[in-house]
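The structure under discussion appears below in the form of structure tokens.
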Amino acid sequence: LLQPVEATDDAFWDQFWADTVTSVQDVFALVPAAEIRAVREESPSNLATLCYKAVEKLVQAAESGCPSQMEKQIVLNCTRLLTRILPYIFEDADWRGFFWSTVPGAGRAGAEEGDDESGRPLAESLLLAIADLLFCPEFTVQSHKKGSLDTAEDIHTIDSCEYIWEAGVGFAHSPPLNYVHDLNRTELLKLLLTCFSEAMYLAPSSESNVLNPWVQFFCSTDNRHALPLFTSLLNVVCAYDPVGYGIPYNHLLFSDYREQLVEHAGQVLIVMLEHEGGTAAGSPTLDGTTTTTAMDDQDPVGPDNLFVNYLSRIHREEDFQFILKGVARLLTNPLVQTYLPNSTKKIQFHQELLVLFWKLCDFNKKFLFFVLKSSDVLDILVPILFYLNDARADQSRVGLMHIGGFILLLLSGERNFGVRLNKPYSVRVPMDIPVFTGTHADLLIVIFHKIITSGHQRLQPLFDCLLTIVVNVSPYLKSLSMVAANKLLHLLEAFSTSWFLFSASQNHHLVFFLLEVFNNIIQYQFDGNYNLVYAIIRKRNVFHQLANLPTDPSSIQKALQRKKKSPEPISRTNSQEGVSMEGSRPAAPAEPGTLKISLVATPGIDKLTEKSQVSEDGTMISVQPTDPNQSPLDSSGAAGASDTESNAGAGDDEVFYVKPERRRLSSTSSVSQWTPTSDWVLSWKCKLPLQTIMRLLQVLVPQVEKICIDKGLTDESEILKFLQHGTLVGLLPVPHPILIRKYQANSGTAMWFRTYMWGVIYLR
């Protein structure tokens, strides 16, 4: 290929897709990276011709419907060749426009063929050919021909909505499994994913209007197969059951071609669900008559991206049930324990599923409300908590920790989520956490405590998010177990030490969050929460120390000097670690040599959320912050420092894997040498919401002490019994309004999701 070759020399070019090559591995072996780069630099016209000819072959096959076996083989080989070459086009800035030029090859290799489609860019011709080939009878879909006398279906006149790959949303008929069709679909989806992957070669941009041109065109009305392809991809993913008929070790005996298809379908789907400006423009009202496509057509306007548009318009309960059950089944699969080790198939694409679930909730609010309507949401919660716990020590999985946090933050903005958490937790998924008897809320708190106390340093930007979730659900938690109550008090103890409060400009926010949790529970759920009240009484000195926090310069300096050389974020002593659950294994750091992806920073919690106040009838009203000094949690700069200073200490702005030295708890002071002052401490100390707790202690401590003296008690069960029947009605301050911090879409998270998603796909 390094010698000049005429574009008209068909015999030469045809050898690239001749039927001697039989697998994608062969193509990658025969076409080494160094060779592609050499051709790109030394014989650019040959590379241009090769791409042009390969696309031309696919276009011709889409025209003819590739009736012969040989034509099918040529399609597969051209598909593999383009999948191999495209990344080397994308990595070179000078070549990136090549696929978008109108008459490819003209002037470069003396190509005389004018583009048959009135000068369509090569990229568009390629994408349309792939779309056609994904619904090509006898190649990627079952033919509907009745007998041998029927004429072959014309690929241009078939209604591809009748050829959807799997039953589910908008399609009732499940076609028979055909592994050859699955393999062919997978090859085409790999090429499609490669086309879309140009995004990986560009620097991430926070401009929400910078769209991927490949995705933009493929998801536009130019693609006549957009609807059937959307439903095919969604249904194939949600209908997949990796365990199948449940024969132990079946995955070791048979190749599962469907799994490869499901993985690629999921990846292509999440990449295509890209939308300008975050959330789908006002999901249409979905109460009209249903069409055969299960899409609501009351309000056809919506996002230009048809895939986002269709997703936002799904509205039938049975479709929501199918999607939710499918996603929950797949997310739970890696948790399934069997008596025979390795006897069931474990899927590897849970991160893609989490992105898909996120997009479903973000683009279709009706789906979000459906998820929260019953305790089915717990089938999503438990696997997410499992992944968070499992990945907490592994720095290569920091992205998984963040997406799990984001999903729970989104769910926690809705009252129903808090209510659902009261369901007793009885499933016993093996996790290395203390054994407890309680509810899903207890499970959530125990795991969040574990992440904060024994995760790695880079998780510190996530603490705000985890505690915000606990604050959001706290007004609805009917009865915390003693284990969970102790965990919350242990966090308060750790976060309220003076050296921690003074060592970074935003550390005190964590104390405010925890006090808010205690206040919500005391004011709104006092009756069932005697365990927490007892824990607060036992640890009352922590609250008194907070109220008497020293603010003079010499005490601040002394506290900072007490800081050990390299303190652990939180000492694990006295955190009452119990015996871990049977069958669990400890969270482990990444194996040496594990590949890591670089992620852009996640926005701080003040950018991630907006405040809503819950009114008496349960509706939420958005709260506009009136005074920037209203609460230290209102804005990142309210701590008395400037925005830049306060952010530097927060660690929220770090770029993961690039600058790990900017840590909230790093022993050296942060980049901008922030130092605490008396005025700064006073500015937030006076706002600590301690009144409710102090009043509770004032009333209950003497009573509890009296019981102990009168009865000579050392047994806490008597005290708990007393607290269980006690009441503080009329003794506490007037209940404060419930404040919920709801997730709000913003360009920062949109950009984070894009880099995370491509990082996952690239490594997989």
Report the residue count in the range 361-375 for those that are in a loop (DSSP other than H, G, I, E, B) and surrounded by 20 or more Cβ atoms within 10 Å (Cβ to Cβ). 1
Out of (1) within 20 Å of residue 603 (Cα to Cα); (2) free of Cβ contacts under 8 Å to residues at least 60 places away in the same chain, what's the single condition that is false for residue 508? (2)
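Restricting attention to the range 745-764, which residues are of a type in the set (S, T, N, Q) and assigned to a helix (DSSP H, G or I)?
Answer for the range 745-764, where residues must be of a type in the set (S, T, N, Q) and assigned to a helix (DSSP H, G or I): 747, 749, 755.
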If I ask for residues that are more than 27 Å from residue 724 (Cα to Cα) and open to solvent by less than 10 Å² (accessible area, probe 1.4 Å), which ones from the range 436-452 would you list? 451, 452
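Can you pull out the residues in the range 27-51 that are in contact (Cβ under 8 Å) with a residue 24 or more places away in the chain and open to solvent by 20 Å² or more (accessible area, probe 1.4 Å)?
Taking the range 27-51 and keeping what is in contact (Cβ under 8 Å) with a residue 24 or more places away in the chain, we get 27-28, 31, 33, 35-40, 42-51.
28, 31, 33, 35, 37, 38, 40, 42, 44, 45 - these are the residues of the range 27-51 that are in contact (Cβ under 8 Å) with a residue 24 or more places away in the chain and open to solvent by 20 Å² or more (accessible area, probe 1.4 Å).
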From the list 695, 662, exactly one residue is at pLDDT 90 or above, out of contact with any Phe, Trp or Tyr (no Cβ under 9 Å at 6 or more places or on another chain) and open to solvent by 30 Å² or more (accessible area, probe 1.4 Å). Which is it? 695
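Which helices (runs of 4 or more DSSP H) sit wholly inside the range 454-571 and have at least 3 residues that are open to solvent by 10 Å² or more (accessible area, probe 1.4 Å), closer than 19 Å to residue 412 by Cβ and touching a Cys at 6+ places or on another chain (Cβ under 8 Å)?
Here the list is empty.
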Quick one: which residue in 76, 127 is of a type in the set (A, V, I, L, M, F, W, C), modelled with pLDDT of 90 or more and either open to solvent by less than 10 Å² (accessible area, probe 1.4 Å) or over 25 Å from residue 268 (Cβ atoms) (or both)? 127
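Does residue 733 fit the bill of being in contact with a helix residue (DSSP H, G or I) (Cβ under 7 Å, 6 or more places away or on another chain), open to solvent by 40 Å² or more (accessible area, probe 1.4 Å) and at pLDDT 75 or above?
Values: in contact with a helix residue (DSSP H, G or I) (Cβ under 7 Å, 6 or more places away or on another chain): yes; open to solvent by 40 Å² or more (accessible area, probe 1.4 Å): yes; at pLDDT 75 or above: yes.
Yes, satisfied.
The values are calculated or read from the model by the stated rules, or taken from the named source; none is laboratory data. Just so it is clear, the structure is predicted and the values come from calculations on it, not from any experiment. Reconstructed Cβ throughout: ideal geometry from the backbone, glycine too, with neighbour counts over all protein chains shown. Accessible surface areas use protein heavy atoms only, side chains included; no ligands, DNA or RNA. Shrake-Rupley method; radii C 1.70, N 1.55, O 1.52, S 1.80 Å.
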